[in-house]
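Taking it in order: structure first as structure tokens, then the write-up.
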Amino acid sequence: MSVRKRTAVAAVATVLSAGLASAALVVLPAHADTVVSGYQSVTSTGTLGGGAAPGGPVTRSQAIQRAQDWVNNLVPYSPHGLQSPYGWWADSATGGRYREDCSGLVSMAWQLTSSLTTDSLPSVSTRLASLDDLKPGDAINSATHVVLFAGWTDGSHTNANVFTESGTDYPTRYTTYSRSYLKSLGYYGLRYNKIVDSSEPQGYPDPATLPTGTLVKSPGNPTVKLIINGAGLAVAGSDVGPDGYDLSRVVTVDDAKFWALPSSLQSGSVVHDQAGGNSRYVIVGGAALPITGAEWTADGYNTVADMGVPTSWLNNALKATLPAGMVVMDQAGTDASRYVMIGGAALHISASEWTADGYNTQPLMGVPGTWLAQAATKTPPTGTVLMDQSGTDANRYVMVAGAAVHISADEWTADGYNGQSLMGVPGGWLAGAVDSTVADGTLIKGQAGADPSVYVMVNNSALPLTNAEFTTSYANQPVVGVPETWEAGAVGRPLKNGTVIKNVSGADPSVYVMAGGMAVPLGYADFTGFGYDKQPLRPVPGTWEASAAAKAAPSDGTLLQSSDSTTVWQVVNGGSKKAATAGSYNATDVVKVPTALTTKLPTVTQ
């Protein structure tokens, strides 16, 4: 992200890189090699710069290796997001200091004399006519964000591998952008005016022309790749023995073309582990999707050439998620629906949305039905920022443990959500996610930090935690930053009547049922007789539970019924009860409670 504010509305957005867990929207702490200030100068290009002064030529392999250094070091995003003072990074490999944001990353990779912005990077580079002209080390720029291009995942140029700094919730990472996403936001290629294809002697062969099964390497880098149908799959040291690779037969190839090799096989390729095993997989968007025995023949995968691939490469492909915005269907057609992939989740597209939202204009990929059924049960990761693809719902939302939480207009900028990738999703699916509740046990706090308290979500209510409870009963759990307006509503929302609870620490072994804000103790007979044993038993903080159990009576208006009578009682006058008139209430609103509670409440007639 540049220091310029992001305002773009994305139809689809970047997929999280494989191996990175979804993170809460909480600013990452500044790294030890970060300096926070208004400005820092560039004094060195580091060891990867070979002692060259900033602003000079850089090879494509240098640019890639420099970006990889930031990934290896988990260089954080500028700690204050788009606001000064910024974070500035320096290390022995890349020199610096360079600003810790998207354009700072590209400036570092290109060894520039200062950290430019998405507006000023074009002043030192040339715009490419097409994304198809991109080479590793080029940039992909837009008005609001820029990434460093590392190569295409396939020969069709449908998905790009990139290095990115895209917000405070993740450090620098290597990930995949779909071409449809790039086009939807008006991204274009930039080539640094002083980048060179290679500093190595000429005359090395083009690896893409070598036969499948050839092992290749660049002149100045120890990385080895296996050529399969024009793609280069990375071979790890651990693959050599089990996979039977002979390193004495490695061919040295042209440096620039080595780095330009697609890093994955074309979608639809069928693979297996070169080291052995009966499992088969289909490659889709750089990810390996498992094929069941029934699908192997029924879906026609047995008619496709089955290729052995490096074990480590396959393991990484199994962890990968399909690029955000990719549209998929069941290969067998058993499920006739269409889905769009967002953060590893397959979101259903209705028939009307298929054309109205433009999904019918995107490539449609067939995937194994078993895999698709599992992906359709998932939700986008916590921290994913969403909008209705059609724009019918103009609001913005952030995913929190399975639910889409509303972001107010003020929070959109004040809490830094405008600095996150904004993903368009089908409106029908979004409406369901808005109606969903945040998963029980999720720890939350206000994203802006105005309220420093930490709460735990229980049945759609936020219950406060003491410091002791946070460090003991809820230790080692992540805390998710949420919009304060939504948080205030969750904190003020009483725990739903009929919720069955227990102390999370186990210090109090009793079981309670909630009735009008009061935790009513249940004996075993009532627990089973009222059917509460068939409901979820929800852990709650002990301090909160003790306070709720100490209440003298449920709140006015609460409807109660005990086993000694068919009468439904309504709590009135701060702790009395009167018989509710038949037909004046909904039976589902009545809480079954022990006789001891209804007996102790005095009866009134009016």
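The values are calculated or read from the model by the stated rules, or taken from the named source; none is laboratory data. Every value quoted in this text rests on a predicted model; they were computed, and no experiment measured them. So basically every Cβ, Gly included, is an ideal-geometry build from the backbone, and we count neighbours across all protein chains shown. Please note that ligands, DNA and RNA were not included when accessible areas were found on the heavy atoms of the full protein model with its side chains. Shrake-Rupley method; radii C 1.70, N 1.55, O 1.52, S 1.80 Å.
Annotations for the structure displayed:
- Cα pair count fraction exceeding 13 Å, expressed as % - region 542-594: 61 percent
- Restricting the calculation to alpha carbons of region 404-537 gives Rg and Dmax of 17.3, 54 angstrom.
- For region 501-514, 3J(HN,Hα) per residue [Karplus equation, 6.51 cos²θ - 1.76 cosθ + 1.60, θ = phi - 60°, Hz, x = Gly/Pro]: 10, 8, 5, 4, 7, x, 4, 10, x, 5, 10, 10, 10, 7
- Antiparallel bridge percentage (DSSP; both residues within the chain; nearest 5): 75 percent
- Straight Cα distances below 19 angstrom link Lys592 to the lysines Lys496, Lys502, Lys534, Lys551, Lys577, Lys578, Lys600, with same-chain residues fewer than 8 positions distant left out.
- Test item: Cα-centred dipole of the chain, Lys/Arg +1 and Asp/Glu -1 on Cβ, debye: 520 debye
- The shape of region 191-273 can be summarised by an equivalent ellipsoid whose semi-axes, obtained from the alpha carbon gyration tensor, come to 23, 16, 11 Å from longest to shortest.
- Unit Cα scatterers, Debye sum, region 213-260: log10 I(q)/I(0) for q = 0.15, 0.25, 0.32 Å⁻¹: -0.34, -0.93, -1.38
- Solvent-accessible area of Leu48 with every protein chain in place, 1.4 Å probe, in Å² to the nearest 10: 50 Å²
- Region 249-317: translational diffusion in µm²/s, Stokes-Einstein, Kirkwood Rh over Cα pairs, 37 °C, 0.692 mPa s: 249 µm²/s
- When Val454, Val398 are compared by accessible area at a 1.4 angstrom probe, the order from most to least is Val454, Val398.
- Over region 116-231, all Cα pairs binned in 10 Å intervals from 0 give whole-percent P(r) values of 12, 38, 34, 15, 1, listed from short to long.
- Rounded percent of accessible protein surface that carbon and sulfur make up, region 352-410, 1.4 Å probe: 51 percent
- Dipole of the chain, positive direction: furthest Cα of Gln68, Ala468, Met365, with charges on the beta-carbon: Ala468
- Solvent exposure of the chain as accessible area per residue, Å², 1.4 Å probe: 40 Å²
- Correct choice for P(r) over Cα pairs in 20 Å bins from 0, in percent that was computed from the model, options (1) 14, 39, 27, 9, 9, 1; (2) 18, 43, 28, 10, 1, 0; (3) 19, 52, 27, 2: (2)
- Candidate residues Ser107, Ser352, Ser184: accessible-area rank, largest first, probe 1.4 Å: Ser352, Ser184, Ser107
- Stokes-Einstein D for region 472-589, Kirkwood Rh over Cα pairs, 37 °C, 0.692 mPa s (µm²/s): 205 µm²/s
- Percent accessible area from carbon and sulfur atoms, region 114-243, protein chains only, probe 1.4 Å: 52 percent
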